[in-house]
Amino acid sequence: MGMATGWVRIWLAAFGLGACLQHGAAGAVSVEEFGAMEPEQVLRLPATEALAVFGWSAREFRFVLENSLIDLRYLYQAPSGQPSAGLIRAVKAFQRDLGARPTGEILVGQFMDLVQRTNEFWQTPVIPGPAYIVDKGEVVSAEGSWHSAQVREADPIQSSSIRCYRSANLCSMVTAKLVMSADESGWFHSSVSDLGLHAQDWTVREWTPHGIVAEDRSARCAEYVLTIDIAGDQVTMQRSVVAGGDCAQAPVTASFRLKGGYEVASPYWEARQARLLSLRSPAFQALVKRVQSHRVSAPAQ
């Protein structure tokens with residue numbers, strides 16, 4: 001069995017792929033027959049014929065299909081796992097939007113596309129906390145989310161906690177971030193792949209009642225200057241490229257400011273909401289646009 005065939009089998013087994021619109025699967029294939037198929041054959045296989053491979057009942061497969069079509073706004077009825085004219089119409093509409101022949105019987109490849117889209121609806125918005133500075137004399141603390149107008153943050157859902165100790169001439173920062181997937185269109189969507197933690201220490205160069213300036217020159221390709229403006233109630237960071245550094249992918253020079261988590265994260269979640277809308281049925285998208293247009297044009301009460 002080739003690697004690609006194995007990939008398809010793993011995907012199908014993981015998600016119990018398939019959807020049955022009929023009561024049975026007259027052309028069901030055995031596990032051995034299924035494993036011997038080329039990936040292209042598997043994708044063209046009616047999902048009803050894969051029931052024996054995955055050990056799901058026809059009702060369980062229909063229930064999965066119904067919920068996926070409901071998520072994408074092709075189906076507007078409570079899921080029951082039972083055959084229905086509404087379910088067949090919804091499958092046909094989805095197939096037409098894929099540019100496929102609307103048979104009402106979903107194929108394995110078509111269901112993979114359906115599940116890929118609905119996977120993106122699993123992610124729950126996470127908004128980091130506000131930005132603030134706490135001055136206790138010998139210890140100054142700050143928290144917030146970094147933002148730069150010069151560079152795009154690959155992982156915008158992040159929060160940093162800074163502690164500066166006057167007696168030690170030291171500032172320590174820990175940044176926690178949700179590490180985003182580089183590929184937003186894979187067969188299994190996982191926008192957040194891990195929680196990343198990064199620690200950084202700074203040497204204090206200046207400490208006054210009005211603020212703190214600290215430096216970090218430990219990196220080979222860049223150096224950082226941290227400024228905590230206690231009087232102005234803001235924290236900034238300047239990143240500069242080290243001259244003559246032998247770095248294949250040196251970071252660019254940029255300025256950062258510690259802001260509230262909502263301000264930094266909200267553009268990401270707004271963009272995701274727009275993407276989720278684009279995944280839903282064209283008919284539903286058109287309806288949303290009409291409603292939004294009506295709201296804009298409606299006179300104020």
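The values are calculated or read from the model by the stated rules, or taken from the named source; none is laboratory data. Please read all numbers here as calculations on a predicted model, not as lab measurements. All Cβ positions, glycine included, derive from the backbone under ideal geometry; neighbour counts span all protein chains shown. Remember, those area values only see protein heavy atoms, side chains included, never the ligands or the DNA or RNA. Shrake-Rupley method; radii C 1.70, N 1.55, O 1.52, S 1.80 Å.
The largest accessible area among Leu114, Leu276 belongs to the first residue in Leu276, Leu114, and the rest follow in falling order (1.4 Å probe, all chains).
Sort 75-86, 231-242, 283-294 by the packing proxy (mean of other Cβ within 10 Å over each peptide's residues), most packed first.
Details: 75-86: 13.5, 231-242: 16.2, 283-294: 11.2.
Packing proxy ranking, top to bottom: 231-242, 75-86, 283-294.
Shape of segment 46-130 from its Cα gyration tensor (a ≥ b ≥ c, root eigenvalues): rounded if a/c is under 1.5, otherwise prolate when a/b > b/c, or oblate? Prolate shape, in that a/c is at least 1.5 and a/b is the bigger ratio.
Taking the accessible area of segment 48-109, probe 1.4 Å, and keeping the other protein chains in place, the carbon and sulfur fraction comes to 51%.
Note on Lys259: lysines with a C-alpha under 30 Å away, same-chain residues under 8 apart excluded, are Lys136, Lys177. Taking amide H as placed 1.01 Å from N in the peptide plane, the amide H of Lys259 sits under 5 Å from that of Ser145, Trp146, His147, each at least 5 places away or on another chain. Peptides 204-212, 148-156 ranked from most to least packed give 204-212, 148-156, packing being the mean of other C-beta atoms within 10 angstrom over each peptide's residues. Largest first, the residues Ile106, Ile70 sort by 1.4 Å accessible area into Ile70, Ile106.
In sequence order, segment 130-138 has phi-based couplings of x, 9, 7, 10, 10, 9, 10, x, 7 Hz under the Karplus curve 6.51 cos²θ - 1.76 cosθ + 1.60, θ = phi - 60°, and Gly or Pro positions carry x.
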